[in-house]
Amino acid sequence: MKNPRKSKRSNRRMGRPLRILLAVVLLSGVAVYHLVPFIITPQAMADSLEEELSGWLGAPATISGDLDISYWPRPRITASVVSVVRPDRAGPLIYGNSARLVANFGFIGALSGNPSFSDLKLDGAVIILEQPDETTGPAANALGRTIADLRDGQDASGSSQGPGALSVTNSTLGFTDKGETRVVKGVNAELDWPTLSGRARLSGSAILAERDTTFSLEAGKAAALIAGDASSVNLSITSQTANIRFDGTASSSRPYLLDGTFSLSTSALQELMARMGVESSLLRNVDNASLNGKVSRSGGSLRFSPVDLTIGAAKGNGVLDIVPSSPDGPVGISATMAFQEISLRDAQSSLAGWIDAVAPPKDGVDDDGLPLPDLDLRVSAGNVRLSDVTLRDVAASIIRTDTQTSFDIADSQLDDGSLFAHLAVRNDGAATVRMNAENVRSAPLFKQMGFSVPLESDHFDLEMSYEARLPLGKGVTDGLTGRFRFSGRGGSLTWLDLGDILQSAATSNNFAFSPLKREPFAFASVSGAGSISGTTVHLDRMVMETADGRVRLEGDVDIGTGQIEAMLTRWSRNADEEPVSVRISGNALAALARRVETPADLLE
């Protein structure tokens, strides 16, 4: 049994050290409360912060505004008006200013006069990242030294501490290279970069292309990426009009991407291509597009293979190569793509208008000052829907060089027949067209070509070639020359009233008629050939087989003034009847017909 008196004496002996320890803690707390402001002064902390910033950035840092130190929930310093001058050494250079800076610091280190800072937060900052033209000499900062080691083949793993956790709000970034600065405003971002040679993560938002944009970037070897070496990269950029994602391996040397998966979708294709420095007249009526596939570097180009491509309502797949622009030439694009269906109903409704729309601008530069890209596009499609015709089983190509842009339909099905076409638009302002159509409907074909031809046949053949100066729209025929040949079955000619003219010629040697009166003149078959020069169409011959016999028409028509000079000859199926020949002369409003002797060469 314990002695009660002895137990009380033991408790008193054990309680005395506890009370002494508690008193020491309380006195220490009071001492710290009163002495810390004298040990950790704002100016001393500011000096230490300036020293650390200067050492990391390689240029004097200055805090010229207010200072505040708080200890709850973590010790931190808040400074206003912080600036770093431009370093005068090899890049990359980092400098600028910030309206406000907040940084956490270690309490024990601060008491010993050697504080360390972390979790920097900048508000209202202007930060310039510059790669000077002159890269010789010692590096300005830790990042530059790490990059120099990597470029010299030295192992830089773990050699330099990174900025750690850094966040910026309401800030502006400037990227300067070769004397040009690209400015990004409205930046709100967080950076986590513990070790310069290690992994870095950046995410946030900014105003890009005048639109609010969110982004995220993770690089496995951040310094190596900047140095031009390979690094794993996960990139995502999202705005109201575009979404871009890349997962793979990349470097900072063009064309940047090495291998991986890439996807892009946009509802503002024209704007996106202009931002990328690519002229887009061939797609001027397209706003929505997407690209999704595997990408790899092939020489100096990017190869997307296989790739799924959507342009407007057209969806296709194949191989796409893009060569970035350089001092030696513009962007180069080559592709072999297969589409199910292409709809160009919203494009120019006539061949002439389309040629004007896609004609290369003067000096090979578009209205935005962008050089025309070199093109080598090979396309196949199940259907190509134009304004007035639909082509099937199409094999086509678009090739642009420094002298011309050419469009070739190597093969296609139209109606119950086929269509071949070659169009070359030269940079000197001229266009050459060759076309061969077999067993097609003439009316929609002529309408699509932009020609007003009063001949209709559902089984029509046409061979034609012509050259003209641009523009071709609105009836401009400057420098227009060419030849044509045609034939058809089962149709009609709605030009003049040929039936009435031939009937009148049977009883009258001279008579007047109105060219405005036009009635269909049916034929079982038709064939002919001719030429065009400016506004004058010369018909070498047009022979129509009719139910009553045969009719031949030849002569000239000025489609600009309506002037007509022609010879019309009719042979009856009755061999006993002499042929009837009528010479027609007049204009678009009135004309005279005079019966003449049938030329001897037509009597044979």
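Summary of computed values
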quantity	calculated
Residue in the stretch 453-462 that is aromatic (Phe, Trp, Tyr) and at pLDDT below 90 present	no
Contacts under 7 angstrom Cβ, first residue in the stretch 163-178 being within 17 Å of Gly91 (Cβ to Cβ), partner among the acidic types (Asp, Glu) and not in a strand (DSSP E or B), 6 or more apart	Lys178/Asp133
Some residue of the stretch 502-513 being part of a strand (DSSP E or B) and buried (at least 17 other Cβ atoms within 10 Å of the Cβ)	yes
The stretch 63-94 - residue that is open to solvent by 50 Å² or more (accessible area, probe 1.4 Å) and among the β-branched types (Val, Ile, Thr) and, of those, nearest to the chain's Cα centre (by Cα)	Val85
Checklist (1) more than 25 Å from the chain's Cα centre (by Cα); (2) assigned to a strand (DSSP E or B); (3) closer than 28 Å to Pro60 by Cβ applied to Arg201, failing item	(3)
Complete set of residues in the stretch 574-603 that are open to solvent by less than 100 Å² (accessible area, probe 1.4 Å), free of Cβ contacts under 8 Å to residues at least 24 places away in the same chain and assigned to a helix (DSSP H, G or I)	Ala600
Which numbered condition Ser252 fails, given (1) crowded, with 17+ Cβ neighbours inside 10 Å; (2) in contact (Cβ under 8 Å) with a residue 24 or more places away in the chain; (3) not aliphatic (A, V, I, L, M)	(1)
Strands (runs of 3 or more DSSP E) contained in the stretch 367-435 and holding at least 1 residues touching a Gly at 6+ places or on another chain (Cβ under 6 Å) and within 20 Å of Val323 (Cα to Cα)	374-385
Any chance Ser232 is in contact with a Ser or Thr (Cβ under 8 Å, 6 or more places away or on another chain), in a strand (DSSP E or B) and under 15 Å from Thr310 (Cβ atoms)	no
Qualifying position, being among the hydrophobic types (A, V, I, L, M, F, W, C) and under 16 Å from Gln503 (Cβ atoms), among Val596, Val582, Val557	Val582
Selection from the stretch 235-266 of residues that are in a loop (DSSP other than H, G, I, E, B) and either under 22 Å from Ser301 (Cβ atoms) or of a type in the set (A, V, I, L, M) (or both)	Ser251, Ser252, Ser253, Arg254, Pro255, Tyr256
Enumeration of residues in the stretch 39-62 that are open to solvent by less than 30 Å² (accessible area, probe 1.4 Å) and assigned to a strand (DSSP E or B)	Ala61
Single unsatisfied condition, Pro454 versus (1) open to solvent by 20 Å² or more (accessible area, probe 1.4 Å); (2) more than 37 Å from the chain's Cα centre (by Cα); (3) on the phi > 0 side of the Ramachandran plot	(3)
Qualifying residues in the stretch 151-169 (those that are more than 26 Å from Gly204 (Cβ to Cβ) and either open to solvent by 40 Å² or more (accessible area, probe 1.4 Å) or touching a strand residue (DSSP E or B) at 6+ places or on another chain (Cβ under 8 Å) (or both)) - the one modelled with the highest pLDDT	Arg151
Residues within the stretch 267-303 that are in a helix (DSSP H, G or I) and either at pLDDT 85 or above or charged (D, E, K, R) (or both), tallied	2
Search result, residues across the stretch 383-435 that are of a type in the set (D, E, K, R) and over 18 Å from Gln340 (Cβ atoms)	Asp388, Arg400, Asp402, Asp408, Asp415, Asp416, Arg426, Asp428, Arg434
Of all residues making up the stretch 304-349, the number that are over 17 Å from the mean Cα position of the chain (by Cα), part of a loop (DSSP other than H, G, I, E, B), of a type in the set (Gly, Ala, Ser) and more than 30 Å from Phe446 (Cβ to Cβ)	0
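The values are calculated or read from the model by the stated rules, or taken from the named source; none is laboratory data. Just so we're clear, the structure is a prediction, and the values are computed from it rather than from any experiment. Every residue, glycine among them, receives a Cβ derived from its backbone with ideal geometry; neighbour counts consider all protein chains shown. These accessible areas exclude ligands, DNA and RNA; they are computed on the full protein's heavy atoms, side chains included. Shrake-Rupley method; radii C 1.70, N 1.55, O 1.52, S 1.80 Å.
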